[in-house]
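Take a look at the structure below.
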Amino acid sequence: MVNKVYKDAKSALEGFAFDGMTVMSGGFGLCGIPENLIIALRDTGVNGITVISNNCGVDSWGLGLLLETKQIKKMISSYVGENKEFARQYLSGELELEFNPQGTLAERCRAGGAGIAGFYTKTGVGTLVADGKETKVFNGETYVLETGLVADLSIVKAWKGDKEGNLIFRKTARNFNPMMATAGKKCVAEVEILVEAGELDPDAIHTPGIYVDRIVQATFEKRIEQRTVRKRENA
C-alpha cells in the first residue's frame, strides 16, 4: 500500500508545485479552507498560479496570502467581495478574473472530476456570463454551454480522514471541497482528525481515498470572516 500520510503541509506539496500551475482550493468563505496547504504553497514561491476557488479569502488570510505575494495570475471565482487587495489588483490590471455563478462554478468542478467536457445551463443566459459562449435551445428554453474544470493540483480540507485518504467533511466545509478533490490531477488533503484505515464508516465517506494522493493532519485557526455583535442592552 502506498503511504499517503505526510508529516506536514510543506512535505505534502513537494514535487507538486510549479510556475504557471492551476490550483483548485476548497472551502467557502473562510470555512473549510485548506489554510495550512495555502501557506505551504505560498512558501514554495511558485508564481503565475491560476486559482479556482469560490472566493479568494480575506486580506492577509487564506488565499489572500497568495495575493499579497502576487503569486496569483488569474482567479476563477464566484465571490470576491471580502478582499480589498483583490479589488486593487483587479482594477489595476494586475490580476485576471473569470467570474462564474456559484452553482455553475461548483458544477464545472464536479464535471471536470467526472470526465464531463461540458454541460448546458440556463444560468447566465442573456447576461455577460454568456458572452462568447455557445448557446442551444432545449424544449423552447435557451441554455449556455459551460466547460468542466480540471486543475494540476487540488488542495482540500476535511474534518476527518483515514490513512488511505478517505475523507469526511462537516457542514459548510462540504461546499466545493468534495468536487474539487475529484478534479485535480493531484489532490492533497489536510484533516483535523486522522484515523487508521477501516475506522471510518464507509457509508459516511464523502470522498473516496482513490482521489487523494497525500494527506496531512494539521491544526487550524478557524478565523471568522465577518464578526457581527449586538450591543448589550445595559451598555
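The values are calculated or read from the model by the stated rules, or taken from the named source; none is laboratory data. Predicted model, so just to flag it, every value in this text is computed and none were measured. Cβ sites come from the backbone with ideal geometry, for glycine too, and all protein chains shown count toward neighbours. Please note that ligands, DNA and RNA were not included when accessible areas were found on the heavy atoms of the full protein model with its side chains. Shrake-Rupley method; radii C 1.70, N 1.55, O 1.52, S 1.80 Å.
Let's see how each residue does on (1) at negative phi; (2) in contact with a strand residue (DSSP E or B) (Cβ under 9 Å, 6 or more places away or on another chain):
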residue: D19; (1), (2): yes, yes
residue: V23; (1), (2): yes, yes
residue: G26; (1), (2): yes, yes
residue: G29; (1), (2): no, yes
residue: N36; (1), (2): yes, yes
residue: I39; (1), (2): yes, no
residue: T44; (1), (2): yes, no
residue: I49; (1), (2): yes, yes
residue: N55; (1), (2): yes, yes
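Tell me, yes or no, whether region 26-44 has at least one residue that is over 18 Å from R214 (Cβ atoms), at pLDDT 95 or above and not basic (K, R). No, because not a single residue in region 26-44 is over 18 Å from R214 (Cβ atoms), at pLDDT 95 or above and not basic (K, R). Within region 108-142, the set of residues being hydrophobic (A, V, I, L, M, F, W, C) and modelled with pLDDT of 95 or more comprises C109, A111, A114, I116, A117, F119, V125, A130, V137, F138. Residue count for region 140-192, restricted to those that are open to solvent by 30 Å² or more (accessible area, probe 1.4 Å) and at positive phi: 2. Within region 211-223, the set of residues being surrounded by 10 or more Cβ atoms within 10 Å (Cβ to Cβ) and within 20 Å of F176 (Cβ to Cβ) comprises Y211, V212, D213, R214, I215, V216, A218, F220, K222, R223.
When each of A130, A114, A87 is tested for being among the small types (G, A, S) and under 22 Å from G184 (Cα atoms), the lone residue that passes is A114. Here F169 does not qualify as more than 16 Å from S11 (Cα to Cα), modelled with pLDDT under 95, of a type outside the set (D, E) and under 17 Å from the mean Cα position of the chain (by Cα).
Could you tell me which of the residues V137, V125, V129 is of a type in the set (V, I, T) and either under 26 Å from G27 (Cα atoms) or assigned to a helix (DSSP H, G or I) (or both)?
Selected residue: V129, the only one of V137, V125, V129 that is of a type in the set (V, I, T) and either under 26 Å from G27 (Cα atoms) or assigned to a helix (DSSP H, G or I) (or both).
Against the numbered list (1) of a type in the set (D, E, K, R); (2) open to solvent by 90 Å² or more (accessible area, probe 1.4 Å); (3) at pLDDT below 95, E199 comes up short only at (3).
If you go through region 57-66 and keep only what is part of a strand (DSSP E or B) and under 12 Å from the mean Cα position of the chain (by Cα), you end up with nothing. As for region 69-89, it holds at least one residue that is open to solvent by 80 Å² or more (accessible area, probe 1.4 Å) and part of a loop (DSSP other than H, G, I, E, B). Please enumerate the residues belonging to region 105-121 that are of a type in the set (A, V, I, L, M, F, W, C) and under 20 Å from N139 (Cβ atoms). Listed by number, the list holds a single entry, F119.
Of everything in region 90-114, what is over 15 Å from the mean Cα position of the chain (by Cα) and in a helix (DSSP H, G or I)? Give them in sequence order. Hits for region 90-114 are Y90, L91, A114. Checked against (1) in a helix (DSSP H, G or I); (2) without any contact (Cβ under 8 Å) to a residue 24 or more places away in the chain; (3) of a type in the set (G, A, S), A40 meets all criteria but (2). For region 11-56, taking the residues that are of a type in the set (D, E, K, R) and either under 18 Å from the mean Cα position of the chain (by Cα) or under 18 Å from Q89 (Cβ atoms) (or both), the one that is least open to solvent (accessible area, probe 1.4 Å) is identified as E35. Given the condition more than 15 Å from the chain's Cα centre (by Cα) and touching a residue at least 40 places away in the same chain (Cβ under 8 Å), answer yes or no: does some residue in region 138-152 qualify? Scanning region 138-152 turns up at least one residue that is more than 15 Å from the chain's Cα centre (by Cα) and touching a residue at least 40 places away in the same chain (Cβ under 8 Å). Filtering region 90-106 to residues that are open to solvent by less than 10 Å² (accessible area, probe 1.4 Å) and either within 19 Å of K157 (Cα to Cα) or of a type in the set (K, R) (or both) leaves only L105.
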